[in-house]
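> First the structure, which I've put down as structure tokens, then a few questions once you've had a look.
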């Protein structure tokens, strides 16, 4: 899969432009809308936005292997996963629940665990990069971050993303 512009360390796109590039790229099957039709609220939209912007700031696309690497960044390098909200939205019966059901149906728990195991060396690299950060990336961040360049934000937090070579997976897994 082609590397996106926000996946360059010194990307001059704004966070908003990087988010638009990411959302244009991921396709309808993986896109969670956060609309109120699924019975959830503005908090859900902000939760999704926080997750999606982590893909941008940590330079990761949407293979399941990269999602596993993002878990490492989210757990270690952010202000904290909002666990209560995560479980609330995961078991609400809404679109996030449906996404998880589809993942388990298509891959099964053993394959999902195998994908995470496959990414283990890159997860260790991510963990080491988190240790270099000067402060943790906020899950819920100020609106003005959208107008700042990705490079500027990465510099402020000392976020060093994995290079194209470091992120390489032969035959990555996609939804």
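> Considering only residues of segment 7-16 that are touching a strand residue (DSSP E or B) at 6+ places or on another chain (Cβ under 9 Å) and under 18 Å from residue 62 (Cβ atoms), which is surrounded by the fewest Cβ atoms within 10 Å (Cβ to Cβ)?
13
> Right, here's the next one. Determine whether residue 53 is in a loop (DSSP other than H, G, I, E, B), modelled with pLDDT of 95 or more and under 16 Å from residue 159 (Cβ atoms).
Numbers: in a loop (DSSP other than H, G, I, E, B): no; modelled with pLDDT of 95 or more: yes; under 16 Å from residue 159 (Cβ atoms): yes.
Considered against the rule, which asks whether it is in a loop (DSSP other than H, G, I, E, B), modelled with pLDDT of 95 or more and under 16 Å from residue 159 (Cβ atoms), residue 53 comes out as no.
Table: residues versus (1) more than 26 Å from residue 15 (Cβ to Cβ); (2) under 18 Å from the mean Cα position of the chain (by Cα); (3) surrounded by 12 or more Cβ atoms within 10 Å (Cβ to Cβ).
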| position | (1), (2), (3) |
| --- | --- |
| 82 | no, yes, yes |
| 86 | no, yes, yes |
| 146 | no, yes, yes |
| 164 | no, yes, no |
| 173 | yes, yes, yes |
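> Something else about it: Please indicate, with yes or no, whether at least one residue in segment 18-35 is more than 17 Å from the chain's Cα centre (by Cα), outside any helix (DSSP H, G or I) and either at pLDDT below 90 or loosely packed, with under 15 Cβ neighbours inside 10 Å (or both). Explain how you work it out, then say what you get.
Restricting attention to segment 18-35, the residues satisfying the condition of being more than 17 Å from the chain's Cα centre (by Cα) are 35.
From the residues that got through so far, the ones that are outside any helix (DSSP H, G or I) too are 35.
So of that shortlist, the ones also either at pLDDT below 90 or loosely packed, with under 15 Cβ neighbours inside 10 Å (or both) come out as 35.
Yes, there is a match, as at least one residue in segment 18-35 is more than 17 Å from the chain's Cα centre (by Cα), outside any helix (DSSP H, G or I) and either at pLDDT below 90 or loosely packed, with under 15 Cβ neighbours inside 10 Å (or both).
> Can you name every one of the helices (runs of 4 or more DSSP H) wholly within segment 78-175 that holds 3 or more residues which are at pLDDT 95 or above? Before the answer, list the steps.
Working: elements: 83-90, 95-118, 120-132, 150-157, 164-167.
Once the helices (runs of 4 or more DSSP H) in segment 78-175 are filtered for at least 3 residues that are at pLDDT 95 or above, what remains is 95-118, 120-132, 150-157, 164-167.
The values are calculated or read from the model by the stated rules, or taken from the named source; none is laboratory data. None of these values were measured; they are calculated from a predicted model. Here the Cβ is made from the backbone with ideal geometry for all residues, glycine too, and neighbour counts use every protein chain on show.
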